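**Student:** The following block contains the structure, expressed as structure tokens.
The values are calculated or read from the model by the stated rules, or taken from the named source; none is laboratory data. These figures come from a predicted structure and were not determined experimentally. Methodologically, a virtual Cβ is constructed for each residue, glycine included, from the backbone with ideal geometry; neighbour enumeration extends over all protein chains shown.
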Amino acid sequence: MNYLFQKVSYLQGLAEGLGVDDTSNEGKLLLQIIDVLGEFTEVLDEVVEDQVGLEEYVSFIDEDLSDVEDEVYDDYDEFDEYDDFDFEDYDEFELNDDCLDCGDSCNCEE
């Protein structure tokens, strides 16, 4: 970001050295453009500083979340009830039930 400040300072010095003043319309325009460039540079510098701060903050949150995940999900890894369960033994099922209206037996097999 320092190079932008240097370039704007160079333009200010160049305008001053060339004798650009606000007595002519072109001089007013050039001086205003240089001032706006200086303001843009300052705002951009603030945005970059904020971005760096946000990156650090997100990094800390990510580390904290990782710690929480380790605490919460480590228990589930140790006692995963589906690790030793064999689903192939339960491909078929049979349902026997009595009808509530007529009392007939209803059988369903798959």
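**Student:** Within the stretch 31-39, is even one residue modelled with pLDDT of 90 or more, assigned to a helix (DSSP H, G or I) and charged (D, E, K, R)?
**Tutor:** Yes, the stretch 31-39 contains at least one residue that is modelled with pLDDT of 90 or more, assigned to a helix (DSSP H, G or I) and charged (D, E, K, R).
**Student:** Looking at the structure I just gave you, is Y3 in a helix (DSSP H, G or I), surrounded by fewer than 10 Cβ atoms within 10 Å (Cβ to Cβ) and aromatic (F, W, Y)?
**Tutor:** yes
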